[in-house]
Amino acid sequence: LYHWSYKEMKEAFGWDLDMYIYFGGYPGSAKLINNDERWANYIRDSLIETTISRDIFLLTRIDKQSLFRQLFKLGTSYSCQIVSYQKLLGQLHDAGNTTTLAHYLQLLSYAGMLTGLQKYSGSEIRQRSSIPKFLSLNNALITSQSQYNFKEAKLNTDFWGRLIENAIGSHLYSATIGTKLKLMYWREGSYEVDFILQNGSNLIAIEVKSGRLRESIRGFDMFCKQYNPKRKLLIGPDGTSIEEFLLTSANEWYN
């Protein structure tokens, strides 16, 4: 079973879009959302810690457990940002190398916690060696470790915009599991497209207008001219609404 979608949380618990954007898709935490501190403690202690210490450490040999935990925490703080492994190493307190970090990130991805999207370049070799774009696979993994409660998060335009983009990304990522679909990003210089979905030779370019200060659709237009994707999706104002997108099975956008 994967993380619950917005549609599932809405139908089961009556959540609205803002609640899902902040509290994510863990049904066991739904009864605790009226108390931000209890909710965050539940996510950190009962879900994050249990997954890392039992599901990962007991099943896989991890020589640098402290480094593993630091990578997870730092990676979630960088969700929807493109960050090199070298930059991460400079912020970690335990010795390691880029190969170790890449391996640990892969394990976190298998566990449904945190992944690193590859850059689309048209070349498989260049994609594998690209700088990752971090994506938390449930927004609760970001917010439970952040300094913002629900009300504060909504008032911080950049942080809230990043949560929206991450919710879109995790929704898309869930549909790639067990399929040949690949979810990536694209960037050339200062131009960027939030998400690229690849199905064989077919591409779908996806841009999220979430209110973040950095956003611009110039990269969206440039990518479309260069690669001629099969479909273009603009999510937010002037496009498909965020709520409509999250209420629709991600697979439907791929047809």
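Annotations for the structure displayed:
- Per residue of the chain, the DSSP helices (runs of n ≥ 4 H) give a summed -39500 (n - 2.57) that works out to -11000 deg cm²/dmol at 222 nm.
- Near Leu114, the amide H atoms lying under 5 Å from its own belong to Ser109, Leu137; only residues 5 or more places off or on other chains count, and H is placed 1.01 Å from N.
- Note that the chain presents 49 Å² accessible area per residue, ligands and nucleic acids not counted, probe 1.4 Å.
- Cα centroid separation, segment 228-255 to segment 131-176 (Å): 18 Å
- Qualifying trypsin sites (Lys or Arg not before Pro) in segment 29-65, where qualification requires a DSSP coil assignment and no more than 10 other C-beta atoms within 10 Å, comprise Arg61.
- Protein accessible area in the chain, 1.4 Å probe - carbon and sulfur %: 47 percent
- 3J(HN,Hα) couplings calculated from phi for segment 133-143 with the Karplus curve 6.51 cos²θ - 1.76 cosθ + 1.60 (θ = phi - 60°) are, in sequence order, 9, 6, 9, 6, 8, 7, 4, 4, 5, 7, 5 Hz; Gly and Pro show x.
- Ignoring lysines fewer than eight residues from Lys87 along the same chain, the ones with Cα atoms less than 21 angstrom from its Cα are Lys64, Lys73, Lys119, Lys133.
- Sequence ranges 78-86, 159-167, ranked by mean other-Cβ count within 10 angstrom, highest first: 159-167, 78-86
The values are calculated or read from the model by the stated rules, or taken from the named source; none is laboratory data. Bear in mind that the values here come from a model prediction, so they are computed numbers and not experimental data. Virtual Cβ from ideal backbone geometry, glycine too; neighbours counted across all protein chains shown. Ligands, DNA and RNA are excluded from the accessible area calculation, which covers all protein heavy atoms including side chains. Shrake-Rupley method; radii C 1.70, N 1.55, O 1.52, S 1.80 Å.
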